[in-house]
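> One structure, as structure tokens, below. Some questions next.
The values are calculated or read from the model by the stated rules, or taken from the named source; none is laboratory data. None of the values given here were measured: they were computed from a predicted structure. Quick reminder, even Gly has a Cβ in these numbers, built from the backbone with ideal geometry, and neighbours come from all protein chains shown. Accessible surface areas use protein heavy atoms only, side chains included; no ligands, DNA or RNA. Shrake-Rupley method; radii C 1.70, N 1.55, O 1.52, S 1.80 Å.
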Amino acid sequence: MKNFFSHYKSYHLSLLFLAGPMILSNISVPLLGLVDTAVIGHLSSAHYLAGIALGASSIAVLFWLASFLRMSTTGVIAQALGCKDTNRLRMLFQSSVFLAVSFAITLILLQPLLLTAIAKLSGASEQVVNQAQLYFSIRIYSAPAALCNLVLLGFMLGMHYGKGPFYLVLFTNIVNIVLDILFVVVFEWGVAGAAWASLIADYSALGLALCLVRKLFIKHQIGWHWKLPTMAETSQLLSLNRDIFIRSLLLQLCFSFMTFYGARLGEITLAANAVLLNFLMLVSFALDGIAYAAEAKVGHAKGEQNERILRLWVRISVFWGGIFALLYALFFATVGTQLIQLLTDIPEVVAHAQMYLPWLTLLPVVAMGCFIFDGVFVGLTRAKAMRNSMLFSAGLGFFLPFVLTMSWQNHGLWFAMSCFMALRGATLVYRYHQLCRQGTLLQ
């Protein structure tokens, strides 16, 4: 291990310099969720916390479904950068923005149907549903900004500009946290205040992101003239996005099942899972910092058609992913109970969350492979492999284990999530080694 680090020291440092800002900024994303949860969690009743959990989860499902915008943008931009094709960089960027705006408008138009779905699918109490729908009906109007920010974030990552996403995400979350405290604690707007805080933060971030991307265009001498993309220009992105969308849909189906089935187990269970899912997001965004760097490095190496360097970037990414996974497992095992008590002082919720804390201690190590190799396959722009892995893992790794352990109730949910994460990683690792053996890694 020592020789691996010392011999490739410059590569390790290059990955960490790119991943470091993303890790710091990504950690601030779940910290924002922690602030939302903490502010609402100290109100008088659990239905406020359960309501914002349900409403925020519903928004997260939609916006995370749109994560294909960031992932596809990063992969194709990194490859175009490796090829040094500035015209293609501009065309891909504009096509991605067009897709983001189109998807956002569609979500806003579907708002009435989505509000009905929240009530019917959750099975939660009327008080919880009312709070969830209030949050959702405000937050949905941030879709144009939030989805365009995904594209701008993906572009900066693909261009190896790690500081840009750091500035963007950190700025967004600082604005959101300040407004959360102002609207919820000072103005006493409750759940609506948390929703307005997030909406304003998203549009504020869009302005900053456009300024950062504009500087990148100037630095790399990319033309800034705008035009509507043709179907030929968007065809590759549409195909790539279709498979990543299916992959994201299945991923969010599993996470949404956690929330909606938890609602059927009672608002205390729903509230406890809301607290613990913030822990899981903390893990996922930290590991995604390494995965994002892997996307850019692997994509650039593929653009240069350099298989030896590509495989080296994969090894280095796995190494650092493992280090961070172990650190997070140790962190949760040591201070998990204190974190729960920081987020809520409702005794029933604290006691319930503590029962399931061991699953959160296990998950960082179990899930490491799926996060890192998601990044590898984004860089390779092999979306079909990601889609197929998710199909297999959702069916046999999540829903089958859940059906077999339904009598465990909430423990069954967390067991299914652990199996799901492990199988995602295993199938992607298998496919990667298969591509290496076949000599088709650069195709």
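> Please list the non-local residues whose amide H lies under 5 Å from the amide H of residue 442, H modeled 1.01 Å from N, same-chain partners needing a gap of 5 or more.
none
> Using only the Cα atoms, work out Rg/Rh for segment 122-239, with Rh taken as the Kirkwood radius, to two decimals. Each step should come with its number before you reach the end.
Working: Rg = 18.0 Å, Rh = 16.4 Å.
Over the Cα atoms of segment 122-239, Rg/Rh equals 1.09.
> Considering only protein heavy atoms, what is the solvent-accessible area of residue 400 at a probe of 1.4 Å, reported in Å² to the nearest 10?
Rounded to the nearest 10, the figure is 80 Å².
> Now a separate question. Per-residue HN-Hα couplings for segment 181-189, Karplus 6.51 cos²θ - 1.76 cosθ + 1.60 at θ = phi - 60°, whole Hz, x for Gly and Pro?
5, 5, 6, 8, 7, 7, 7, 6, 8
> Take every Cα-Cα pair in segment 160-222 and report what % of them are more than 17 Å apart. Kindly include the intermediate steps, with their values, before the conclusion.
On the way: 927 of 1953 pairs.
Considering segment 160-222, 47 percent of its Cα-Cα pairs are separated by more than 17 Å.
> What number, in percent, do you get for the relative contact order of segment 223-347 if the mean sequence gap of Cα pairs under 8 Å and at least 6 apart is divided by its residue count? Numbers along the way, then the final one.
Values: 34 pairs, mean separation 24.1, N = 125.
Value for segment 223-347: 19 percent.
> Also, I was wondering about something else. Using a simple charge model, +1 on the beta-carbon of Lys and Arg, -1 on the beta-carbon of Asp and Glu, nothing else, what dipole does the chain show about its Cα centre, in debye to the nearest 20? Present the calculation step by step, with values, prior to reporting the outcome.
Values: 27 positive and 16 negative charges, 378 e Å.
In debye, rounded to 20, the chain gives about 1820.
> Rounded to the nearest 0.05, what FRET efficiency do residue 330 and residue 306 give with R0 = 35 Å and r taken as the Cβ-Cβ distance? Could you check? Write down the numbers at each step before the final one.
Values: r = 36 Å, r/R0 = 1.03.
Here the calculated transfer efficiency is 0.45.
> Could I ask something else about it? For the charge dipole of the chain, defined by +1 on Lys and Arg C-beta atoms and -1 on Asp and Glu C-beta atoms about the Cα centroid, which residue among 161, 355, 306 has the Cα displaced farthest towards the positive pole?
Going by the Cα projections, it comes out as 306.
> Take the Cα radius of gyration of segment 272-352 and divide it by 2.2 N^0.38 Å, with N its residue count; two decimals is plenty.
Values: Rg = 17.8 Å, N = 81, 2.2 N^0.38 = 11.7 Å.
For segment 272-352, the normalised Cα radius of gyration is 1.52.
> If you only keep lysine pairs separated by 8 or more in sequence, or across chains, how many in the chain come under 22 Å at the Cα atoms?
18
> Now for a separate question. Using just the helices of the chain, give the 222 nm mean residue ellipticity in deg cm²/dmol: DSSP H runs with n ≥ 4 each add -39,500 (n - 2.57), and the total is spread over all residues, rounded to 500.
Values: 18 runs with 375 residues, N = 443.
Mean residue ellipticity at 222 nm (helix-derived): -29500 deg cm²/dmol.
> Sticking with this one: Please give the solvent-accessible surface of residue 311 in Å², to the nearest 10, using a probe radius of 1.4 Å with every protein chain present.
Accessible area of residue 311: about 100 Å².
> Which residue, 89, 131, 109, has the largest displacement toward the positive end of the dipole of segment 77-191 when charges sit on each Cβ (Lys, Arg +1; Asp, Glu -1)?
Checking the options against the dipole of segment 77-191, the answer is 89.
> Can you compute the modelled spin-label distance between residue 239 and residue 3, with each label point 7 Å from Cα toward Cβ, in nm?
Between residue 239 and residue 3, the label points sit 4.3 nm apart.
> Also: Tell me the Rg and the Dmax, in Å, that the Cα atoms of the chain produce.
When restricted to Cα atoms, the chain yields Rg and Dmax of 21.0, 62 Å.
> Give me the accessible area per residue for segment 293-389, probe 1.4 Å, as a whole number in Å².
On the way: 3690 Å² over 97 residues.
Result: 38 Å² of accessible area for each residue.
> Follow-up question, since we're still on this one. Positive end of the charge dipole of segment 217-323 (Lys, Arg +1 and Asp, Glu -1 on Cβ, about the Cα centre): tell me which of 296, 229, 256 has its Cα farthest that way.
Farthest towards the positive end: 296.
> Still on this structure: Give the accessible area for residue 9 in Å² (nearest 10); use a 1.4 Å probe, count only protein heavy atoms, and leave out ligands, DNA and RNA.
110 Å²
> Would you kindly derive the ³J(HN,Hα) couplings of segment 68-81 from the backbone phi angles with the Karplus curve 6.51 cos²θ - 1.76 cosθ + 1.60 (θ = phi - 60°), listing them in order in whole Hz, with x for Gly and Pro?
So the Karplus estimates, Gly and Pro as x, are 4, 5, 6, 5, 5, 4, 4, x, 6, 5, 4, 5, 5, 5 Hz.
> Using alpha carbons only, how many angstrom separate the centre of segment 292-326 from the centre of segment 204-280?
22 Å
> Please state the relative contact order of segment 113-253 as a whole percent: Cα pairs under 8 Å, 6+ residues apart?
Numbers: 90 pairs, mean separation 36.4, N = 141.
Relative contact order of segment 113-253: 26 percent.
> Mean separation of Cα pairs under 8 Å and 6+ residues apart, divided by the residue count of the chain: what relative contact order is that in percent?
Values: 693 pairs, mean separation 107.3, N = 443.
Here the relative contact order equals 24 percent.
> Follow-up. How big is the charge dipole of segment 50-172 about its Cα centre, in debye rounded to the nearest 20, if each Lys and Arg gets +1 on its Cβ and each Asp and Glu gets -1 on its Cβ? Please report the intermediate quantities before stating the final value.
Details: 7 positive and 2 negative charges, 66 e Å.
Dipole size: approximately 320 debye.
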